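Structure record follows, encoded as structure tokens.
Just so you know, all these numbers are worked out from the coordinates, no wet-lab data involved. Every value quoted in this text rests on a predicted model; they were computed, and no experiment measured them. Methodologically, a virtual Cβ is constructed for each residue, glycine included, from the backbone with ideal geometry; neighbour enumeration extends over all protein chains shown.
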Amino acid sequence: MKILRPTTPGQRQRTITDYSSLSNAKPEKSLTFGRKKRMGRSAAGRITTRHKGGGNKKLYRIIDFKQNKMDIPAKVVSLEYDPNRSSFIALIVYHDGEKRYVLATKDMKVGNAVITSENAPLSDGNRLPLIKIPVGFFVHNVELQPGKGGQIARTAGSSVKVMAHEGKYTHVQMPSSEVRKVLSSCLATIGTLSNVEHNLINYGKAGASRWRGIRPTVRGSAMNPVDHPHGGGEGAQPIGLPYPKTPWGKHALGKKTRKKKHPTNKFIVSRRVKK
């Protein structure tokens, strides 16, 4: 984390990520492509996700979330920034010459060896089935279905904790503190993801949000009644409702959105601890 000198109002509160640990390398051309922005619009051109649009161009990096190249050692040749995700990425080269991008762990260095194997050493960056990982280890990029690729713990600084092995399932504690069962044959990568201080970044000015494609959010209470349930009134007014609502009249805060009969409820051992 870098704290900038307060030479301008925009830099007074601004903090940025420290990229000094990354390699000074250009993206691997064979693993990148340009992708058109959707700007929060559907195929019909209507806004389906508000507050999106604009921003700098991004080159998309193809990330190997499966890491299913079994028993072939690989070497980390560079650590790189990826504008499409919060964690850093690592370019690895397998012994057969194939190159792939993977998510970089917190302590990963250029020159480290990584491998996906049932008998891989228990060191950062190695990928194993959950049944082979001892209780108490922190892992990331965890599969929910064998062979589908990692779906859990892929953001900066995130990890899940292996809590127990029971039959064909492994209990893992999610970043939310929820404990759930995952098939023990699913693959997971050892270690905590890089860029741990990402949640402490302060953009410092409105323009920094616009660079990232984030458009302004208008308060509902500043709108007219026709535009939002919170709108209307002379001067500053409370919303005048028993609970806050979305622009479409649904509960905005505190409403559980998960289906009561969701088919995966049976895999949840304990719900998250409310803070």
Has region 236-250 got at least one residue that is over 30 Å from Gly55 (Cα atoms), under 23 Å from the mean Cα position of the chain (by Cα) and surrounded by 16 or more Cβ atoms within 10 Å (Cβ to Cβ)?
no
Out of curiosity, is Ala208 over 23 Å from Tyr101 (Cα atoms), among the hydrophobic types (A, V, I, L, M, F, W, C) and without any contact (Cβ under 8 Å) to a residue 40 or more places away in the chain?
no
In region 189-214, which residue that is within 20 Å of Pro121 (Cα to Cα) and among the β-branched types (Val, Ile, Thr) is surrounded by the most Cβ atoms within 10 Å (Cβ to Cβ)?
Thr189
Among the residues of region 132-141, is any within 21 Å of Ser86 (Cα to Cα) and either in a loop (DSSP other than H, G, I, E, B) or among the charged types (D, E, K, R) (or both)?
yes
So for region 173-187 (the condition being touching a residue at least 12 places away in the same chain (Cβ under 8 Å), basic (Lys, Arg), surrounded by 11 or more Cβ atoms within 10 Å (Cβ to Cβ) and closer than 30 Å to Thr48 by Cα), does at least one residue qualify?
no
What are the residues in region 152-188 that are of a type in the set (A, V, I, L, M, F, W, C) and either closer than 18 Å to Leu122 by Cα or assigned to a strand (DSSP E or B) (or both), if any?
Ile152, Val160, Val162, Met163, Ala164, Val172, Val179, Val182, Leu183, Cys186, Leu187, Ala188
